Amino acid sequence: MLKLHFAPNSRAGRILWLLEELELPYELNKMAFHPTDLKSDEHKARHPLGRVPVLEDGDISIWESGAIVEYILSRHKNGGLKPEVDSPEYPKYLQWFHYCEGMVMPPMNTIVVHTILLPEDRRDQTVLGQAQRLLSRALEPIEKDLEGKDYLIGDFSAADVMLGHSCFMSNRMGCISDEMKNLKRYLDNIENRPAFKKAIETV
């Protein structure tokens with residue numbers, strides 16, 4: 001059985017959501033999002049940087065969220081939740097699948113550091129403002145492309161698991177304005193999915 005090492009408010013939420021969408025059996029090791037759990041010798045034996053998610057599948061251990069999604073789809077769902085390689089939607093699927101880590105999450109990480117993780121006396125408002133502007137610009141192409149669509153490539157796909165989760169986190173941090181009506185509608189669609197609700201309740 002698949003085993004997911006998980007902590008709330010992290011990229012591990014993507015994997016839990018995916019497992020629920022695919023209705024795959026799994027075991028969950030829920031840890032605190034705190035160094036006492038994540039930086040323990042036990043967990044650093046699973047992930048050298050002491051982070052989550054980590055997925056174990058028998059003797060296989062894998063710990064990059066995008067790679068985990070690809071692995072699950074390829075080995076446990078015969079390519080489900082992704083278009084065929086020769087499909088017209090496949091290039092856009094790839095683009096949005098990787099856009100979250102390339103463009104959305106880098107400024108999001110900085111925002112989290114300078115609003116939550118660092119003590120107040122070490123937070124830098126200049127760095128925070130720059131990250132907020134970068135995130136806003138990164139969200140604009142998503143807002144435009146969602147016009148007239150429920151999900152990123154039309155039908156729900158693993159690209160929504162990757163980028164949709166990042167958009168959800170961005171919105172929770174107050175970084176998606178009410179003027180981004182397509183993104184707000186998209187987030188409503190995601191948040192109303194039963195599998196997402198179950199995953200977020202675990203968070």
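The values are calculated or read from the model by the stated rules, or taken from the named source; none is laboratory data. What you are looking at is a predicted structure, and each value in this text was computed from that prediction instead of being measured. Cβ sites come from the backbone with ideal geometry, for glycine too, and all protein chains shown count toward neighbours.
Given the condition aromatic (Phe, Trp, Tyr) and in a strand (DSSP E or B), answer yes or no: does some residue in the range 164-182 qualify? Even if it seems obvious, please write down each step before you answer.
Here is the first cut: in the range 164-182, the residues aromatic (Phe, Trp, Tyr) are 168.
When the remaining residues are screened for being in a strand (DSSP E or B), the result is none.
For the range 164-182, residues aromatic (Phe, Trp, Tyr) and in a strand (DSSP E or B): absent.
Tally the residues that are over 22 Å from residue 118 (Cβ atoms), assigned to a helix (DSSP H, G or I) and not β-branched (Val, Ile, Thr), restricting the search to the range 13-40.
9
Name the one entry in 148, 154 that is in a strand (DSSP E or B), over 15 Å from the mean Cα position of the chain (by Cα) and either surrounded by fewer than 21 Cβ atoms within 10 Å (Cβ to Cβ) or not assigned by TED's automatic domain parsing to the domain that holds residue 69 (or both). If you could, list the steps in order and put the result at the bottom.
Details: 148 fails: in a strand (DSSP E or B).
After ruling out the rest, the residue left standing is 154.
May I ask you to list the residues in the range 115-127 that are within 23 Å of residue 35 (Cβ to Cβ) and either part of a helix (DSSP H, G or I) or touching a Leu at 6+ places or on another chain (Cβ under 7 Å) (or both)? Even if it seems obvious, please write down each step before you answer.
From the range 115-127, those within 23 Å of residue 35 (Cβ to Cβ) are 115-124, 127; that's our starting set.
115, 116, 117, 120, 121, 122, 127 - these are the residues of the range 115-127 that are within 23 Å of residue 35 (Cβ to Cβ) and either part of a helix (DSSP H, G or I) or touching a Leu at 6+ places or on another chain (Cβ under 7 Å) (or both).
Can you tell me how many residues within the range 64-78 are more than 14 Å from residue 24 (Cα to Cα), assigned to a loop (DSSP other than H, G, I, E, B) and not charged (D, E, K, R)?
Summing the residues that are more than 14 Å from residue 24 (Cα to Cα), assigned to a loop (DSSP other than H, G, I, E, B) and not charged (D, E, K, R) in the range 64-78 gives 0.
Using the structure shown, decide if residue 199 is modelled with pLDDT under 95 and hydrophobic (A, V, I, L, M, F, W, C). Before you say what the answer is, go through the steps one by one.
Details: modelled with pLDDT under 95: yes; hydrophobic (A, V, I, L, M, F, W, C): yes.
The answer is yes for residue 199.
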